[in-house]
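Reading through the structure tokens given below for one structure.
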Amino acid sequence: MSRLQTITGIDIGTYHVKVVISTTGEDGGYPKVIGTGTAESRGLRHGYITNVREVAKSVRAALDQAEQRAETKVKRAFVSVGGVGLGSFTSTSSIIVSRADSEITALDLQKLNDQCRKDLPSSVTVNRKILHEVPLSYKIDSKPVLGNPEGMKASKLEVKTLFITCLERHLNDLIATIEEAGVRVQDVMAAPVAAGLVTLSKTQKIAGCILANIGAETVSIAVFENNMPISLEVFPIGSTDITNDIALGLKVPLEEAEQVKIGAITGGSYPRKKLEEIIDARLSDIFELIDAHLKKISRSGLLPAGIIITGGGAGLGTIEDLARASLRLPSRVGSIHWQERTTAKTSDKTAGVAEKSSNERTRDKQTYRDATWAVAYGLCIFGASAEGGDTVGGSGTRAAGTALKSFTSWIRQFLP
């Protein structure tokens, strides 16, 4: 029996900080959740940190809650990177195979990867840090090749690579914030990619789909095809804009508008038709931005698995129908699957998890409609693979290599 390891994922959103503490190592598979914590975010704007100390307090509050439930102390964690500073760029490069017999070696692949980085335009690299490199496709002697070309023979080797980047200042502030909260950052991962680990099936990612996370002040999207991310984008718009529109349209305070939006206030005091028009108008703006991006990458209306919606804004009643009509794609609200470890004592309700009790320790896979925890739990899966050195739950995810460490084993899961 392998040794149990504790893995923590921290998702710092504009509205909430979420922490998931999990264990892995007993029998493989998905990590088991042993504690969760959440706290209101302070000191952020559009997903980037404006006040390190305030955000650190929010992180510490969420950690304290999770540590109490998990009955363990968190010393290190995997952290998500989101916000308007996140983006992606696709680049194509080529090299001449070095060996006299024309056999492609691991050294050639490393050389090609280095050349691809060198060929990036300065507009992509200035003030930015590369989080992930995903080889989308290879060509040998100008002919497409399926899978890893290592061992094949050719004179010329080409690769098309997706680079996921973020503003270096934002990344440095994020690391400083986590350390201010008393936790060491093991590695970082782009939030949309982390969410995809638990909200998307392999079938969906192979067929082609888009994962859209509607947060408080940002909407982040990741497009998947052939089981790999092919594009990523973040828009400076979110569910807070819907709250503001309701406040203006119905002439009510912001606090009341938020309650109306989430359905906490019902009745005949607000015209239902006008409320739906206000919400639909802003959601239409969001889906227009998403469709414009899909047109840019030539995927508009061409993703068979459709759009999967997560985040705090995913709970709005008409969002699935509106997404289906706007994008001409199948749509659904995402759900996550996690394994939760419970003990003989009754556990607290967390993120809509049903209260359970048992006479002995059990492990039980559950499904949750609320996918706002997808990023934090996805980080645990990412961490389990990074620490264990092998795939988890078929995801194949490995450590990405960031400001903290530089290695490329993570990209192996994306080899076509």
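Assorted remarks:
- Among the criteria (1) crowded, with 18+ Cβ neighbours inside 10 Å; (2) modelled with pLDDT under 95; (3) not small (Gly, Ala, Ser), the one Val79 does not fulfil is (2).
- Any hit, the stretch 283-290, residues being modelled with pLDDT of 85 or more, among the aromatic types (Phe, Trp, Tyr) and not in a loop (DSSP other than H, G, I, E, B): yes
- Apart from one condition, Lys202 fits all of (1) closer than 25 Å to Pro31 by Cα; (2) touching an Asp or Glu at 6+ places or on another chain (Cβ under 7 Å); (3) among the charged types (D, E, K, R); the exception is (2).
- Number of the condition not met by Pro192 [criteria: (1) out of contact with any helix residue (DSSP H, G or I) (no Cβ under 7 Å at 6 or more places or on another chain); (2) at pLDDT 95 or above]: (2)
- Qualifying residue in the stretch 177-197 (condition: assigned by TED's automatic domain parsing to the domain that holds Arg53 and hydroxyl-bearing (Ser, Thr, Tyr)): yes
- Of all positions in the stretch 6-25, at least one carries a residue that is within 15 Å of Ile178 (Cβ to Cβ), in the same structural domain as Phe382 (by TED's automatic domain parsing), of a type in the set (Asp, Glu) and not in a loop (DSSP other than H, G, I, E, B).
- Only residues that are of a type in the set (Val, Ile, Thr), surrounded by fewer than 21 Cβ atoms within 10 Å (Cβ to Cβ) and within 24 Å of Leu157 (Cα to Cα) were counted across the stretch 126-139, and they come to 1.
- Matching option when the condition is touching a Ser or Thr at 6+ places or on another chain (Cβ under 9 Å), over 25 Å from Phe235 (Cβ atoms), in the same structural domain as Gly383 (by TED's automatic domain parsing) and not in a strand (DSSP E or B), among Leu63, Leu112, Leu107: Leu63
- Top-ranked residue in the stretch 144-159 [being part of a loop (DSSP other than H, G, I, E, B) and of a type in the set (A, V, I, L, M, F, W, C); ranked as nearest to Asn227 (Cα to Cα)]: Leu146
- Residue that is crowded, with 24+ Cβ neighbours inside 10 Å and not aromatic (Phe, Trp, Tyr), where the choices are Met228, Met189: Met189
- Output for the stretch 124-143, where each listed residue is free of Cβ contacts under 8 Å to residues at least 12 places away in the same chain and in a strand (DSSP E or B): Lys143
- Leu171 being touching a strand residue (DSSP E or B) at 6+ places or on another chain (Cβ under 6 Å), of a type in the set (A, V, I, L, M) and farther than 30 Å from Asp64 by Cβ: no
- Residue match in the stretch 47-60 (condition: closer than 28 Å to Val126 by Cα, in a strand (DSSP E or B) and β-branched (Val, Ile, Thr)): yes
- Residues of the stretch 70-104 satisfying the condition of being assigned to a strand (DSSP E or B), over 16 Å from the mean Cα position of the chain (by Cα) and touching a residue at least 60 places away in the same chain (Cβ under 8 Å): Arg76, Phe89, Thr90, Ser91, Thr92, Ser93, Ser94, Ile95, Ile96
The values are calculated or read from the model by the stated rules, or taken from the named source; none is laboratory data. None of the values given here were measured: they were computed from a predicted structure. For neighbour counting, all protein chains shown are included, and Cβ atoms are generated from backbone atoms with ideal geometry for every residue, glycine included.
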